[in-house]
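Only one structure is covered here, and it is reproduced in the block below.
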Amino acid sequence: YTGVGKCVVAANQAGDSTYRAADQVTAAVNVGQAPQAIVNFAPSSPVSFGAALQNLSATGGASGNAIVFSIVSGSCALLGSALSYTGTGTCVVAANQAGNANYSAAPPLTANVANNPATQTITAFNPLSPVVLGADPQVLSAVGGASGNPVTFSLVSGPCGLLGNVLSHLGGGLCVVAANQAGNANYAAASPLIANVRVIASLNIDLSP
């Protein structure tokens, strides 16, 4: 079959000196479009928010038409065949291939991409230590991750007081302080960063040359 549609074929038989030619008999064959299927569509999953663009690929059927991708649902976007992530959650992507005169359109093939919250890290948390008992309170500071949430501080243990980000030294010993940063829809909470502040009675500084 060279194409779709109705193909009519005839059966003929010639006669001879004894028999006349047989009456022609015809038959019709309806030729339909061939199906095609999309395979090898397996985008990477899971990914994290902020991940690099992912180039999608798949193998189509015999029509020769290009595979075209589309977003079914989720916080993601397409730039041609490159998938980007605009938020967390499940992104459902479809691969599609049109038909032609001889091949029907392939059924869309979908894939789920789980987009997890990105991690964030607290850095530059270096409170002064050791300090002398009775010294002025120190202002704590740290650098947080990309969620934009403020870094907050908490007193884990020890003879210190904490009001906001101001640490006062109330007695001798070891004060354990934590820096914390909450997450949001796209970023997980940062792991608390711990620092030790040793409070001592005096600093013995050797000023000899």
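The values are calculated or read from the model by the stated rules, or taken from the named source; none is laboratory data. Treat the numbers as computed from the prediction; the structure is a model and nothing was measured. Cβ sites come from the backbone with ideal geometry, for glycine too, and all protein chains shown count toward neighbours. Side chains are part of the model used for accessible areas, which takes the heavy atoms of the whole protein and leaves out ligands, DNA and RNA. Shrake-Rupley method; radii C 1.70, N 1.55, O 1.52, S 1.80 Å.
Would you please list the contacts, defined by Cβ atoms under 6 Å and residues six or more apart or on different chains, that run from a residue in region 25-41 that is among the aliphatic types (A, V, I, L, M) to a residue that is surrounded by 11 or more Cβ atoms within 10 Å (Cβ to Cβ) and part of a loop (DSSP other than H, G, I, E, B)?
31/4; 37/61; 38/58; 38/60
Working only within region 113-135, note down all residues that are assigned to a loop (DSSP other than H, G, I, E, B), over 23 Å from the mean Cα position of the chain (by Cα) and at pLDDT 95 or above.
124, 125, 126, 127, 128, 129, 130 - these are the residues of region 113-135 that are assigned to a loop (DSSP other than H, G, I, E, B), over 23 Å from the mean Cα position of the chain (by Cα) and at pLDDT 95 or above.
State which residue pairs qualify: first residue polar (S, T, N, Q) and inside region 4-22, second residue in a loop (DSSP other than H, G, I, E, B) and open to solvent by 100 Å² or more (accessible area, probe 1.4 Å) in any location, beta carbons under 7 Å apart, and separation of 6 or more residues or different chains.
Note: pairs meeting the criteria are 12/24.
Taking the stated definitions as given, is residue 167 modelled with pLDDT of 95 or more, assigned to a strand (DSSP E or B) and more than 30 Å from residue 38 (Cα to Cα)?
Answer is yes for this residue.
Can you tell me how many residues in region 114-128 are surrounded by 16 or more Cβ atoms within 10 Å (Cβ to Cβ) and over 23 Å from residue 88 (Cβ atoms)?
Of the residues in region 114-128, 2 are surrounded by 16 or more Cβ atoms within 10 Å (Cβ to Cβ) and over 23 Å from residue 88 (Cβ atoms).
When region 1-49 is examined, which residues are found to be of a type in the set (Ser, Thr, Tyr) and in contact with a Cys (Cβ under 9 Å, 6 or more places away or on another chain)?
Answer for region 1-49, where residues must be of a type in the set (Ser, Thr, Tyr) and in contact with a Cys (Cβ under 9 Å, 6 or more places away or on another chain): 1, 45.
Within region 81-109, work out how many residues are open to solvent by 50 Å² or more (accessible area, probe 1.4 Å), closer than 20 Å to residue 42 by Cβ and within 14 Å of the chain's Cα centre (by Cα).
Total meeting the criteria: 1.
Hey, can you tell me all the residues within region 136-147 that are surrounded by fewer than 13 Cβ atoms within 10 Å (Cβ to Cβ) and outside any strand (DSSP E or B)?
Of everything in region 136-147, just one residue is surrounded by fewer than 13 Cβ atoms within 10 Å (Cβ to Cβ) and outside any strand (DSSP E or B), namely 136.
Those residues that are at pLDDT below 95 and crowded, with 16+ Cβ neighbours inside 10 Å, I need them from region 49-59; list them, please.
49, 51
Name the residues in region 139-190 that are in contact with a strand residue (DSSP E or B) (Cβ under 9 Å, 6 or more places away or on another chain), under 23 Å from residue 117 (Cα atoms) and polar (S, T, N, Q), would you?
If the condition is that a residue be in contact with a strand residue (DSSP E or B) (Cβ under 9 Å, 6 or more places away or on another chain), under 23 Å from residue 117 (Cα atoms) and polar (S, T, N, Q), then 147, 149, 152, 180, 181, 186 are the ones that fit.
If you check residue 78 against the conditions, is it part of a strand (DSSP E or B), open to solvent by 40 Å² or more (accessible area, probe 1.4 Å) and closer than 17 Å to residue 114 by Cα?
yes
Check region 185-192 and report whether any residue there is polar (S, T, N, Q) and touching a residue at least 24 places away in the same chain (Cβ under 8 Å).
Yes: one or more hits.
Which one is least open to solvent (accessible area, probe 1.4 Å), of the residues in region 1-43 that are part of a loop (DSSP other than H, G, I, E, B), at pLDDT below 85 and of a type in the set (Ser, Thr, Tyr)?
This residue is 2.
Restricting attention to region 148-186, report how many residues are open to solvent by less than 50 Å² (accessible area, probe 1.4 Å), hydroxyl-bearing (Ser, Thr, Tyr) and under 39 Å from the mean Cα position of the chain (by Cα).
1
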